Amino acid sequence: MLTVENLSVHYGMIQAVHDVSFHVNEGEIVSLIGANGAGKTTILRTISGLIRPSEGTISFVDQPIQKMAPQKIVSSGLSQVPEGRHVFAGLTVQENLEMGAFLRKDKQVKEDYTQVFKKFPVLGERKNQDAATLSGGEQQMLAMGRALMSKPKLLLLDEPSMGLAPIFIREIFSIIEEIKAQGTTVLLIEQNANMALSIADRGYVLETGKIVLEGTGEALLSSEEVKKAYLGG
Ligand code: ATP
């Protein structure tokens, strides 16, 4: 579904991503893990069209997207939940979800609000409340609900566990598994290697802008290198 080949990204003179290649098959959860500053967010933002690569290609459902405008990329079925959520604080929960559906022209939108409220009951309870009044975990749910309202084929999640209490982290990860079960493919970027690899079909480990390891979620979880560097063992 998504193929990234020989991707390099620069910020001025600084090279943040070095010749990175990976892919995501339809129906998978793929986790990209790595420490602070490894280049995870840069890769996601490049896939979403917010940053242009200096080299390499990105293909999504057999179409090159590395030069496509971000809104066209969303329309083609790829939606990103950014790091730190970035919900529209002054808009209500309902209005935030409407923003997610903004580019859609089909008539199924109403039904999809019902689906989102089913997945995240707390959003239904608070749909007329300003997003600013939600807790961090609830804002993460709203950001995910908003992304789902664009009806993506592929959902990109940037550190959904960041800053959340363990109980919320477990809830968010179980919802990610549910999203996959319902047919949406997921690319997950995380510092929380344990959680991210536990639910992943496959994963990649990123260090200073390069992929240094890849394998099934299970194999990476039991790899000595991953344990030492990311799982505190
Ligand atoms: P984090 O988990 O902290 O977000 P990350 O793995 O997502 O880390 P990136 O944010 O992609 O890492 O950063 C990769 C590298 O690029 C870092 O060295 C960072 O300092 C640098 N970088 C990121 N954004 C910019 C920018 N706008 N200008 C210059 N350098 C940047």
Among the numbered conditions (1) of a type in the set (Lys, Arg); (2) modelled with pLDDT under 95; (3) not in a helix (DSSP H, G or I), tell me where Arg52 comes up short. (2)
Give me a count of the residues in region 25-39 that are modelled with pLDDT of 95 or more and surrounded by fewer than 23 Cβ atoms within 10 Å (Cβ to Cβ). 4
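Across region 20-33, what is the total count of residues that are within 15 Å of the ligand (Cβ to nearest atom) and farther than 19 Å from Glu190 by Cα?
From region 20-33, those within 15 Å of the ligand (Cβ to nearest atom) are 20, 22, 31-33; that's our starting set.
Next, only the ones that are farther than 19 Å from Glu190 by Cα stay: none.
Counting residues in region 20-33 that are within 15 Å of the ligand (Cβ to nearest atom) and farther than 19 Å from Glu190 by Cα gives 0.
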Since Gly136 meets every condition but one in (1) away from the ligand (no atom under 16 Å from the Cβ); (2) touching a Phe, Trp or Tyr at 6+ places or on another chain (Cβ under 8 Å); (3) open to solvent by less than 30 Å² (accessible area, probe 1.4 Å); (4) among the small types (Gly, Ala, Ser), which condition does it not meet? (3)
Quick check on my filter: what residues within region 139-151 are in contact with a strand residue (DSSP E or B) (Cβ under 7 Å, 6 or more places away or on another chain) and open to solvent by less than 10 Å² (accessible area, probe 1.4 Å)? Ala143, Met144, Ala147
Has region 9-19 got any residue that is within 16 Å of the ligand (Cβ to nearest atom), under 22 Å from Arg104 (Cα atoms) and either outside any helix (DSSP H, G or I) or open to solvent by less than 50 Å² (accessible area, probe 1.4 Å) (or both)? no
Filter region 86-110 for residues that are open to solvent by 80 Å² or more (accessible area, probe 1.4 Å) and closer than 17 Å to Gln140 by Cβ and give the result. His86, Phe88, Met99
Name the residue that is nearest to Ala38 (Cα to Cα), counting only residues in region 199-211 that are at pLDDT 95 or above and either surrounded by fewer than 17 Cβ atoms within 10 Å (Cβ to Cβ) or away from the ligand (no atom under 16 Å from the Cβ) (or both). Lys210
For residues that are farther than 14 Å from Met144 by Cα and free of Cβ contacts under 8 Å to residues at least 24 places away in the same chain, tally how many sit in region 171-210. 2
Of Ile73, Ile47, Ile65, the only residue that is within 16 Å of the ligand (Cβ to nearest atom) and open to solvent by less than 70 Å² (accessible area, probe 1.4 Å) is Ile47
Being within 13 Å of the ligand (Cβ to nearest atom) and within 13 Å of the chain's Cα centre (by Cα), is that true of even one residue in region 34-41? yes
Any chance region 186-194 includes a residue that's of a type in the set (Gly, Ala, Ser) and crowded, with 22+ Cβ neighbours inside 10 Å? yes
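The values are calculated or read from the model by the stated rules, or taken from the named source; none is laboratory data. Remember, it's a predicted structure, so these values are computed and weren't measured experimentally. Positions of Cβ are generated from backbone atoms using ideal geometry, with glycine treated the same way; all protein chains shown enter the neighbour counts. The protein model used for the area step is the full one, side chains on, heavy atoms only, and it has no ligands, DNA or RNA in it. Shrake-Rupley method; radii C 1.70, N 1.55, O 1.52, S 1.80 Å.
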